[in-house]
1. Just checking: which of the helices (runs of 4 or more DSSP H) contained wholly in the stretch 193-263 hold 1 or more residues that are at pLDDT 90 or above and within 15 Å of Arg169 (Cβ to Cβ)?
2. Inside the stretch 89-107, can you point out the residues that are surrounded by 14 or more Cβ atoms within 10 Å (Cβ to Cβ), closer than 25 Å to Val41 by Cβ and either of a type in the set (Val, Ile, Thr) or at pLDDT below 90 (or both)?
3. Have a look at Glu321, Glu341, Glu302 and point out the one that is buried (at least 17 other Cβ atoms within 10 Å of the Cβ), of a type outside the set (A, V, I, L, M) and either closer than 20 Å to Arg244 by Cα or at pLDDT below 80 (or both).
4. Return the pairs, sorted by first residue and then second, in which the second residue is part of a helix (DSSP H, G or I) and β-branched (Val, Ile, Thr), the first residue lies in the stretch 177-188 and is within 17 Å of Ala216 (Cα to Cα) and without any contact (Cβ under 8 Å) to a residue 24 or more places away in the chain, the beta carbons are less than 6 Å apart, and the residues are 6+ apart or on different chains.
5. Taking the stretch 248-269, which residues are surrounded by 17 or more Cβ atoms within 10 Å (Cβ to Cβ), over 21 Å from Arg212 (Cα atoms) and not small (Gly, Ala, Ser)?
6. What is the residue count in the stretch 349-402 for residues that are crowded, with 17+ Cβ neighbours inside 10 Å and touching a Cys at 6+ places or on another chain (Cβ under 7 Å)?
7. Mind counting the residues in the stretch 124-144 that are touching a Leu at 6+ places or on another chain (Cβ under 8 Å) and not aliphatic (A, V, I, L, M)?
Amino acid sequence: MALPVALRQGAPAAVLAALPGSRAVGGAVRDALAGLALHDVDVAAPLPPEEISARLRAAGLKVFETGLAHGTVTAVLDHEPVEVTSLRRDVVTDGRHAEVAWTEDWREDAARRDFTINAMSLSAGGALWDYFGGRADLAAGRVRFVGEPCIRLQEDYLRALRFFRFQARYGRGAPDQEAVAAIRAAVPGLARLSVERVWMELKRLLAAPDPREAVALMAETGVLGAVLPEAQPPQLQDLGCLVRAAAPHEPVLWLTVLLPPATADLAGDIARRLRLSGEERDDLVHLHTELASRPFIPDRTEPMRRQWYATRTSQRMALLEAWLAEARDQQDRSALRRWIEQTPFPRLPVMGRDALAIGIGPGPQVGRLLKALEAWWQAGGGTAPREACLAKLRELAAAEPSG
C-alpha cells in the first residue's frame, strides 16, 4: 500500500530509517487504511530496547526511556514524539499487567495485541503485514479479538472497555457475538482495573462521533453497571440529541447526560471515585448539581448576563448548559447557543495590579477591597466600565479605617 504522508516525513520517517526492519504498528496503520488522519505514530523493531536507543541517538534523535521495562522508548525530533517498542511476547499476565520478553518474531508480537484491526504493521517501503485478517475486519466494520476472546480478556480486562471504544469508532452492524459473550463473562474482572484507566476509556468512548450503540451495548452486557453504576438506560436517549446537533465532545457534558437527575452529592461521588481532574470535577458538579437546582434561562436577556456572573459561569460553561438543557428536554437551542457565543462574558475590569497602581498597599487589603468592588459591580448587573470601577475602588479604599 502507499505509505501515508505522516510516515514519509518528520520523526516517523527518521525513526524508520534509523532502525533496520522496523515497522509502523497499531493505530497508525489502522487509521491509514481507514482513510483517517494519523495523529500518534507507534513503531516496533526486532531489536532489544538498548540497541534501539543507541541507534536512534546515533541518528540524531532525542531518546527518553519512558517505558524501558516494557521495551518502550520515546524518540523525539523537532518536538515530534514517536513511541518505539521492541517486539515482545508475554511471559506472565495477571489481568492487567504483563511480564514480557523480547522477540524477533513479528507474528508473535502481533498475536499479543488486542484486536485484529490493531495487529497490522507497515514497513517503510509500504509493505503491509496482516496476520489475523485485520484489513478485512476493518473494511467490514468488525471489531474482533486476536485469538480467543476469553483468553485475551483474562490477560488484560481493560480490553473489555477498549472493545466498546473501537466498536463506536470502527464498528458497523451487529457486534462480534463471540467478543460480546466473552465480555459479559468477564465483567467481574473489571473490578481489577484502576479507576484512572476506566475514566480514560470512558472519555475516549464518549468522544466517538456517535457512541450511542456502544454505550447501549455496555449497559446490556453489564459493563456500564460495573464501571458507572449511576448511569441509567433511559438517559441513553439523551445522547441522541447531542449526536444529532453535533454537540462538542467535552467528556463531562456527555457523562452528565448519562446520569439521572441531580441527587445529593452524586456528581462529587463520581468525581472522587473515578478520580477526575479538578477541572473535570468542577464541571461535573456545576452541570449536574448547580444547574439542576436553578432553571436554565432560555432567553437572551440582561438577567442571563447577571446569572452567568452570579454563578461564576464562564462562556464555555454557559454553552455546555445550553447543550445539556437541549439534551434533557429535546428542544432546539441553536439560536441561544449562537447568542451565547457572540455575547461577551462579563468580567470585572479591574485586577489586583490596578489596586496597587492607585496606591493601595500589597496585602490582605487588596483582596478585601476587590471583593467589595466585585459585589458592587455585580449588583449593578456587571456593566460598569473600568473607569467607574477604579473610581469606586478609590472610594472603598478611602472609606476603610486607617490601620
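The values are calculated or read from the model by the stated rules, or taken from the named source; none is laboratory data. Keep in mind it's a predicted model, so treat the numbers as computed, not measured. Virtual Cβ from ideal backbone geometry, glycine too; neighbours counted across all protein chains shown.
1. In the stretch 193-263, 195-206, 212-221, 236-244, 251-258 are the helices (runs of 4 or more DSSP H) which contain 1 or more residues that are at pLDDT 90 or above and within 15 Å of Arg169 (Cβ to Cβ).
2. Arg89, Asp90, Ala98, Val100, Trp102, Thr103
3. Glu321
4. Listed pairs, sorted by first residue: none to list.
5. If the condition is that a residue be surrounded by 17 or more Cβ atoms within 10 Å (Cβ to Cβ), over 21 Å from Arg212 (Cα atoms) and not small (Gly, Ala, Ser), then Leu266 is the only one that fits.
6. Number of matching residues: 3.
7. Number satisfying all stated conditions: 4.
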